[in-house]
1. Out of the residues in the stretch 135-194 that are in a helix (DSSP H, G or I) and polar (S, T, N, Q), state the one that is farthest from TYR271 (Cα to Cα).
2. Can you name every one of the helices (runs of 4 or more DSSP H) wholly within the stretch 30-112 that holds 1 or more residues which are among the small types (Gly, Ala, Ser) and either touching a Lys or Arg at 6+ places or on another chain (Cβ under 6 Å) or farther than 30 Å from SER198 by Cβ (or both)?
3. What tally of residues in the stretch 80-107 results from selecting those that are over 13 Å from GLY34 (Cβ atoms), among the charged types (D, E, K, R) and surrounded by 14 or more Cβ atoms within 10 Å (Cβ to Cβ)?
4. With hydroxyl-bearing (Ser, Thr, Tyr) and modelled with pLDDT of 90 or more as the only criterion, which of TYR53, TYR80, TYR96 stands out?
5. THR54 versus (1) buried (at least 17 other Cβ atoms within 10 Å of the Cβ); (2) farther than 30 Å from LEU116 by Cβ: which is the lone unmet condition?
6. Before we move on, is VAL144 in contact with a strand residue (DSSP E or B) (Cβ under 9 Å, 6 or more places away or on another chain), at pLDDT 90 or above and closer than 30 Å to THR185 by Cβ?
7. For residues in the stretch 233-272 being among the hydroxyl-bearing types (Ser, Thr, Tyr) and out of contact with any His (no Cβ under 9 Å at 6 or more places or on another chain), which is surrounded by the most Cβ atoms within 10 Å (Cβ to Cβ)?
8. If you check every pair at least six apart or on different chains, which have Cβ atoms under 7 Å apart with a residue in the stretch 219-239 that is farther than 21 Å from ILE193 by Cα first and a residue that is of a type in the set (A, V, I, L, M, F, W, C) and crowded, with 17+ Cβ neighbours inside 10 Å second?
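The values are calculated or read from the model by the stated rules, or taken from the named source; none is laboratory data. Note that this is a predicted model, so its numbers are computed, not measured. Using ideal geometry, Cβ is built from the backbone for each residue, glycine included, and neighbour counts are taken over all protein chains shown.
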Amino acid sequence: MAGVTIQELGLRFVGVCMKLYWSSCWYPVLFIVGLVCTLIWGRKKSSRIFIGYTLFLLLTVYNPLVVKYLIAKAKFENEYYRFIWIIPVIPAVAYYGVKLVTIFKQKWQRGLMTGLVLVCFVALGNPLTGVVKDFSMTENIYKVPDDLRAICDVIHQNQDNDFPRVIFDTGLNSIVRQYDAGIATVISRNASIYRSGSTVAGNFDENSSFYKRQKALMDVIDYHIYDDKEGFQAALKKSKTDFIVTVVGLVDHEFLTDCGCELIAQTESHYVYKYNWKEQ
């Protein structure tokens, strides 16, 4: 997680990660309250479904000692937040909410308690204003833009090898492989995040040859900086790039063609270029 390291925090690493992840959301507190109530009043084995699982997590991936000495050696601290996904806070809170409602026998009591539980969930959760504001229906069953599907079709129709290597802009680079695993992305997700100014995915040695190549590609495709033509061409060849996909009107067409890229197709909002790195 950004700015959080085991080396600096030691045994406090797990606690700090939890606070950063859940922020102002109180669902973990409701989860703990539910576990305690289950331990005290839960009689059926089915009602204790979350206890053994949570106990196992507390002894392993949430154990500060295990994290400090094993996670650090595995160099997994930047991805540690993903372990928080496996604790069943959301399903457990929903389960405990239903159990609370079913305690009451009268319909009006259940109706009243249902309303109180829902109000509690809304008040103690985090508002998803961004999700509501930017919400849009998916264009297809794959939940990716139709334009991306058209781009993938163009690439496969013109590919010279079984696993084409493609440079995408930031908007498509992170989602293309959820639709088409037969395409390799040239620009590293972590390098892209780091280039944007975030260390959430870790740090990079900016003097390393790998990062210099990545930066040369991103400067042109994502940041529209054209002052290092030779560096861009060298990065294309070294990374064995087969195709380049850019947003229409954002990247200098003449610059790309001067670098040896051939425009082979235009979709609704993207250009698709082919690059023969073997002949450059």
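1. Looking only at the stretch 135-194, we keep the residues that are in a helix (DSSP H, G or I), and these are 146-158, 170-173, 176-179, 189-194.
Filter again for polar (S, T, N, Q), leaving 157-158, 170, 173, 178, 190, 192.
Details: GLN157: 15, ASN158: 14, THR170: 14, ASN173: 14, GLN178: 21, ASN190: 25, SER192: 21 Å.
Checking each candidate, the answer is ASN190.
2. Working: elements: 49-59, 81-84, 89-102.
Per the criteria, 49-59, 89-102.
3. Here the count works out to 0.
4. On the way: TYR53 fails: modelled with pLDDT of 90 or more; TYR80 fails: modelled with pLDDT of 90 or more.
Exactly one of TYR53, TYR80, TYR96 is hydroxyl-bearing (Ser, Thr, Tyr) and modelled with pLDDT of 90 or more, namely TYR96.
5. If we test THR54 against (1) buried (at least 17 other Cβ atoms within 10 Å of the Cβ); (2) farther than 30 Å from LEU116 by Cβ, just (2) comes out false.
6. Values: in contact with a strand residue (DSSP E or B) (Cβ under 9 Å, 6 or more places away or on another chain): no; at pLDDT 90 or above: yes; closer than 30 Å to THR185 by Cβ: yes.
In short, no.
7. Step one: filter the stretch 233-272 for residues among the hydroxyl-bearing types (Ser, Thr, Tyr), giving 239, 241, 246, 257, 267, 269, 271.
Now narrow it down to the ones that are out of contact with any His (no Cβ under 9 Å at 6 or more places or on another chain): 239, 241, 257, 267, 269.
Numbers: SER239: 19, THR241: 24, THR257: 12, THR267: 18, SER269: 15.
This residue is THR241.
8. ASP228/ALA216; LYS229/CYS259; GLN233/CYS259
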